[in-house]
Amino acid sequence: MVICLPTYNERANLEPLVERLGEVLADVDAEPRLLVIDDSSPDGTGELADRLSGELPFLSVLHRTRKEGLGPAYIAGFRRALGEGAGYVLEMDADFSHDPAYLPRLLEAAERADLVIGSRYVEGGGVREWGALRRAISRGGSAYARMALGVKVRDLTGGFKCFRREVLEAIDLDSIRSRGYAFQIETTYRALRRGFEVVEVPIVFRDRRVGNSKMDRGVVTEAAWRVPLMRFAAGGRR
Ligand SMILES: Nc1nc2c(ncn2[C@@H]2O[C@H](COP(=O)(O)OP(=O)(O)O)[C@@H](O)[C@H]2O)c(=O)[nH]1
Ligand SMILES: [Mg+2]
């Protein structure tokens, strides 16, 4: 089991997050590993991650030369994790928006599903601290994608997910071009189209602890035009 943590300028969040993950995962059997995927953050997140990986045997770091968005960073991380033989591959933001305390629940659900999504938009889930505009964009984005793709998943844009390795092997990662929120939509949609079991477990999402969001208008625009095209490149059932 590998937890992928994409970072771009997360210097202030990384060390406390890794520490917290270490606490939460101490009770998990599956010998979890952490993989930081850093796109040469100007703030030195990559150097910090290297130092931490020297101290902590369960942490490794994948350095990429350019910031290309979340999608390419995750694909590189997934490839590394699959290459290391991971049975489960997880994603989560490295800014404390995704509380590590939920991980045991995600992992438990993963015993009965192929893809588990930590979901803000099911009963018991929610969003704290975000302003009205960000809430509206996020909810609207999920609703738009749900209708355009004809799926029932409530939270399509969130990035707190646990994939069984078979899902990542089946969805043809190399043909995914999505970079931002579209990447989250596309991986879930491809899993559904292939007939995998997708379940949502409620999470309460919080605003990032330190630093700024890397998502911008371009990421929202990308999702808007890519979503209708996803139907054509999703592949069929297994
Ligand atoms: N490696 C990498 N990480 C990224 C990139 N863009 C965002 N991230 C990370 O992805 C996570 C989510 O991004 P964030 O900006 O917090 O998005 P938001 O939560 O939607 O505002 C954070 O851990 C970011 O550091 C990128 O281009 N490359
Ligand atoms: Mg964030």
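The values are calculated or read from the model by the stated rules, or taken from the named source; none is laboratory data. The model shown is predicted, which means the values in this text are computed figures rather than measured ones. Cβ sites come from the backbone with ideal geometry, for glycine too, and all protein chains shown count toward neighbours.
The table that follows gives values for the structure above.
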| read-out | value |
| --- | --- |
| In the stretch 1-40, residue surrounded by the fewest Cβ atoms within 10 Å (Cβ to Cβ) [restricted to those that are of a type in the set (Ser, Thr, Tyr) and within 16 Å of ligand 2 (Cβ to nearest atom)] | TYR8 |
| Matching entry among GLU31, GLU19 (being assigned to a loop (DSSP other than H, G, I, E, B) and either under 14 Å from the mean Cα position of the chain (by Cα) or more than 24 Å from PRO72 (Cα to Cα) (or both)) | GLU31 |
| Selected residue (criterion: farthest from ligand 2 (Cβ to nearest atom)) from residues of the stretch 188-232 that are surrounded by 14 or more Cβ atoms within 10 Å (Cβ to Cβ) and either without any contact (Cβ under 8 Å) to a residue 40 or more places away in the chain or farther than 19 Å from GLU91 by Cβ (or both) | ARG193 |
| Per-region count, the stretch 24-40, residues without any contact (Cβ under 8 Å) to a residue 40 or more places away in the chain and over 18 Å from GLU91 (Cβ atoms) | 4 |
| Extreme residue, nearest to PHE183 (Cα to Cα), among residues of the stretch 44-103 that are among the charged types (D, E, K, R) and part of a helix (DSSP H, G or I) | ARG79 |
| Residue in the stretch 210-221 that is in a loop (DSSP other than H, G, I, E, B), more than 24 Å from GLU129 (Cβ to Cβ) and within 16 Å of ligand 1 (Cβ to nearest atom) present | no |
| Residue count, the stretch 1-17 (criterion: of a type in the set (Val, Ile, Thr) and under 20 Å from PRO42 (Cβ atoms)) | 1 |
| Scope the stretch 176-209; condition β-branched (Val, Ile, Thr) and assigned to a helix (DSSP H, G or I); matching residues | ILE185, THR187, THR188 |
| Subset of the stretch 102-140 [at pLDDT below 95 and buried (at least 16 other Cβ atoms within 10 Å of the Cβ)] | TRP130, ILE137, SER138, ARG139 |
| Answer residue from the stretch 87-119, given it is within 16 Å of ligand 1 (Cβ to nearest atom) and of a type in the set (A, V, I, L, M) and is nearest to the chain's Cα centre (by Cα) among those | MET92 |
| Any hit, the stretch 156-171, residues being touching a residue at least 60 places away in the same chain (Cβ under 8 Å), surrounded by fewer than 17 Cβ atoms within 10 Å (Cβ to Cβ), away from ligand 2 (no atom under 16 Å from the Cβ) and not in a helix (DSSP H, G or I) | no |
